[in-house]
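Single-structure report; data block below.
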């Protein structure tokens, strides 16, 4: 048995519904510090819901199971407390917030997190220096700093802005929800660079993606296949190649088998 | 008559010692008030704003100025020195010793209206009450009957006052409900320019502040008229701005309506000369069980005039907000351009807003549009902010601030802008933090 201490996130039997529809039907997942996991699966399988539940989106109602992050009950924390504890959600569709400046918002966020951790707040000058450095990492034009959050950004710019925010906030657990969708190959490289720059022995990344493409740039340690609100298969990086060959048709087409696999696979 | 109507009418002292034209005007105004009575919700223009709480009050005339006891000194304590002239009115009367002078262009007059009526009534006579019609407008009639003091600004052609002129109205008396009826008269000659800010403040006592402002803009005149309404929590505030614009004149009428248990702000503008431009705007905020009402009436009487109207409302608790904006384009007022927008943010399930943008167009070659929105804070944006670590109260405040900022920033003079930011931020759950972060 591995040392209990390096388990960053442990999800057991997690169930959640939106409105009256159950989306997550018992998810089991364990992520250790230093690891990158990828969750793949067809549309509607519950991948994004899982990401949202972990970040505390209120539209999702958790109906069962647990999620333990660094030994604490993640689901009991408000979204901002999760952020303060080091959880970051990269949005599939980053929200446009007219009237709130990008850097102004990010400094507010960073200082809220620092306050919550009992650290000193960064003043405007120090923050600006930090922001400039991190913007370079994702090739974000410094002019984006003064624009409203995501307002009028292209799809690629929004995703790079997510990675920029992640780079500034330096989370311990980054959950990136389809961070690769809608990116051309250059933007994908930039985003991947940002994710790889975050990798460290005491951090973990959970990538939610539909395509294998991202995994060629950010090499995962584990890959999980999600279908019907459960993780139905888990494996090493080679699983991505298999999915590339077979697609997800087998997932939908052979549900009873899949459910058996899920029962066995979760503990493998 | 209601107790309020009785007590208000009983304050009438005629016009003893005043010029006959003024005494006649007072008597006429009193008759108009008696005929109209305080409006009820059966009155179309007051459908959503009930004066029931006011009507039961017995309202006394404000006490005479008294050095020790007036509310102005305390209400102004700690305030930065004004950028230009500041005239302070305590319970409706000019207080010279609390006021600040500033240089004026040659021929310009700025001072107490009561002084002007005493010493130079002929300068006031052609304009006082000309725009502020009393028929059917009970509060304006009441002001016309009972007005004692206020500000008088006369700008000869070409006179330009660069620094903003601040008019502070501080109201309230301990132990009794008082009524004050300040009057502001601004006559801007051809090509004259000025920025004028009315600041309405008050104590925590119950009172009625019933102000009337008349703005006369000559050809090409530019007037910026600002109102920072920060009345006390038990105040009834009714203000009416009447404006008439000659050709190519430009008026900006902008207000922040933040205080009072019931606040009604009216702007009635007539675009009377070709090429005149009006920008009328405001922010109203209310929480608790307060009522705030923004009423505008704009008349395009001639061709080629422009109106841009933008009002925003933020309502919380069980507050009630009312917006009624009417733009009338008269026959022959071709090439009129008029845009009207009213957006409202409801922060609670119990807050109510009634919005009524209205265009009445009797000309066929015009560009007019209007719209209104009523919405809540964007939950997706709120979650986005929180997921980044911003506390809920601060995230809410940030989003409310983003909604309101445009209206705060329309208060341009630096000192008043800083004040406006503080006043609005003070009404947000984590406004202090938002101000710090934005600094």
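Would a scan of the stretch A:61-75 turn up a residue that is touching a helix residue (DSSP H, G or I) at 6+ places or on another chain (Cβ under 6 Å), more than 10 Å from every other protein chain (Cβ to nearest Cβ) and buried (at least 24 other Cβ atoms within 10 Å of the Cβ)?
no
Of all residues in the stretch A:76-104, count the ones that are more than 7 Å from chain B (Cβ to nearest Cβ), in a helix (DSSP H, G or I) and touching a residue at least 24 places away in the same chain (Cβ under 8 Å).
Residues meeting the conditions: 4.
Residue-by-condition table, conditions (1) in a loop (DSSP other than H, G, I, E, B); (2) closer than 17 Å to residue B:150 by Cα; (3) assigned by TED's automatic domain parsing to the domain that holds residue B:185:
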{"position": "B:84", "(1), (2), (3)": "yes, no, yes"}
{"position": "B:89", "(1), (2), (3)": "no, yes, yes"}
{"position": "B:102", "(1), (2), (3)": "yes, no, yes"}
{"position": "B:110", "(1), (2), (3)": "no, yes, yes"}
{"position": "B:118", "(1), (2), (3)": "no, yes, yes"}
{"position": "B:127", "(1), (2), (3)": "yes, yes, yes"}
{"position": "B:133", "(1), (2), (3)": "yes, no, yes"}
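How many residues does the stretch B:135-148 contain that are surrounded by 23 or more Cβ atoms within 10 Å (Cβ to Cβ) and in a loop (DSSP other than H, G, I, E, B)?
2
Which residue is farthest from residue A:201 (Cα to Cα), if the candidates are limited to the stretch A:1-20 and must be modelled with pLDDT under 95 and part of a strand (DSSP E or B)?
A:18
Residue A:223 - would you say it is in contact with a strand residue (DSSP E or B) (Cβ under 9 Å, 6 or more places away or on another chain) and modelled with pLDDT of 95 or more?
Here the answer is yes, as residue A:223 does meet what is asked.
If you scan the stretch A:180-237, which residues turn out to be assigned to a strand (DSSP E or B), closer than 16 Å to residue A:163 by Cβ and in contact with a helix residue (DSSP H, G or I) (Cβ under 6 Å, 6 or more places away or on another chain)?
Answer for the stretch A:180-237, where residues must be assigned to a strand (DSSP E or B), closer than 16 Å to residue A:163 by Cβ and in contact with a helix residue (DSSP H, G or I) (Cβ under 6 Å, 6 or more places away or on another chain): just A:208.
So residue B:363 fits all but one of (1) more than 14 Å from chain A (Cβ to nearest Cβ); (2) surrounded by fewer than 18 Cβ atoms within 10 Å (Cβ to Cβ); (3) under 24 Å from the mean Cα position of the chain (by Cα); what number is the exception?
(3)
Given the criteria at pLDDT 95 or above, under 20 Å from residue A:200 (Cα atoms), touching a helix residue (DSSP H, G or I) at 6+ places or on another chain (Cβ under 7 Å) and away from every other protein chain (no Cβ under 14 Å), does residue A:38 qualify?
In short, yes.
Do you know which residues across the stretch A:132-145 are farther than 20 Å from residue B:395 by Cβ and either within 22 Å of the chain's Cα centre (by Cα) or not in a loop (DSSP other than H, G, I, E, B) (or both)?
A:132, A:133, A:134, A:135, A:136, A:137, A:138, A:139, A:140, A:142, A:143, A:144, listed by residue number.
Of all residues being more than 14 Å from chain A (Cβ to nearest Cβ) and part of a helix (DSSP H, G or I) in the stretch B:390-420, which is surrounded by the most Cβ atoms within 10 Å (Cβ to Cβ)? Just the residue, please.
Result: B:420.
The values are calculated or read from the model by the stated rules, or taken from the named source; none is laboratory data. Since this is a predicted model, take the numbers as computed values, not measurements. All Cβ positions, glycine included, derive from the backbone under ideal geometry; neighbour counts span all protein chains shown.
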